[in-house]
Structures are given as structure tokens and as C-alpha cells.
Amino acid sequence: MLFAYSNAVSIVENMALAATDMGVGACHIWGAVLASLDDEDLVASLGLPEGFIPLCGLSVGKTDEVYKLRDADLSRIATDYLD
Ligand SMILES: Cc1cc2nc3c(=O)[nH]c(=O)nc-3n(C[C@H](O)[C@H](O)[C@H](O)COP(=O)(O)O)c2cc1C
């Protein structure tokens, strides 16, 4: 089951990258997705296949923000390099 989470997030991340490339605003949305799990009618309205649940989401829309390169703080994600 865990691979389903990985697949879904990989898809959403690629959607976010594509949106950014197109100058479209995008934001990963987890809070609303989590909250929706408590609302059976809302989940049903999504029309997902039987047995599926919402795992992640991406809001997209027009934005006035101009994306530009920025320095990433690499210390935010601990990384071990194996020899
Ligand atoms: C897995 C994930 C879930 C997120 N869920 C939400 C959300 O529910 N609501 C929201 O406003 N932003 C959400 N975000 C966006 C973050 O709040 C933040 O804007 C984004 O990660 C960029 O952060 P940074 O500029 O510090 O790199 C989420 C981001 C990630 C990676």
C-alpha cells in the first residue's frame, strides 16, 4: 500500500514542476485532503474508483508571482551519502 502514496506524490510533484514551468501557480495541498477523509459525501463526490481514497492534491491557478531561482537550504533535508 505504501507504494501508492509514493506514486501519487510523484505524480503531483511532476504536475507542480510542469505548472511552474508554465508559469502557473501551484501549491501542494495536504491539509484539505486529510480533512476531506472525514466527509464521506465529499470523498464520494470526487468520483474515485472503488477502494481509492484521496492521498494528496495540488491547487493550480493564475498567479502574478514570477518564479525565480533561489538558493535551497540543503540542511533542511538530512542526507547521508554511502560509499
Ligand atoms: C507534502 C506537502 C503538503 C503541503 N500541504 C499544504 C497544505 O495543505 N496547505 C498549504 O497551504 N500548503 C501546503 N504545502 C505547501 C507548503 O506550505 C509550502 O508552501 C511549500 O512546501 C514551499 O515551502 P518553501 O517555500 O519553504 O520551500 C504543502 C507542501 C508539501 C510538500
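Values quoted throughout were computed directly from the atomic coordinates according to the rules given, and no laboratory measurement underlies them. Since this is a predicted model, take the numbers as computed values, not measurements. Glycine gets a Cβ as well: all are built from the backbone with ideal geometry, and neighbour counts include every protein chain shown.
Some observations on this one:
- Model label sites at Ile77 and His28, defined 7 Å from Cα along the beta-carbon direction, differ in position by 0.8 nm.
- Among 31-44, 5-18, 66-79, the peptide with the highest mean count of other Cβ atoms within 10 Å heads the list, and the full ranking is 5-18, 31-44, 66-79.
- Annotation: amide H-H contacts under 5 Å for Leu58 (H modelled 1.01 Å from N, sequence separation of 5 or more, or interchain): Ile29.
- Counting only DSSP H runs of at least 4 residues, each contributing -39500 (n - 2.57), and dividing by the residue count of the chain, the helix-based mean residue ellipticity at 222 nm comes to -11500 deg cm²/dmol.
- Zone of Val66's modelled label, taken as backbone nitrogen in region 1-44 under 19 Å from a point 7 Å along Cα→Cβ: 20-26
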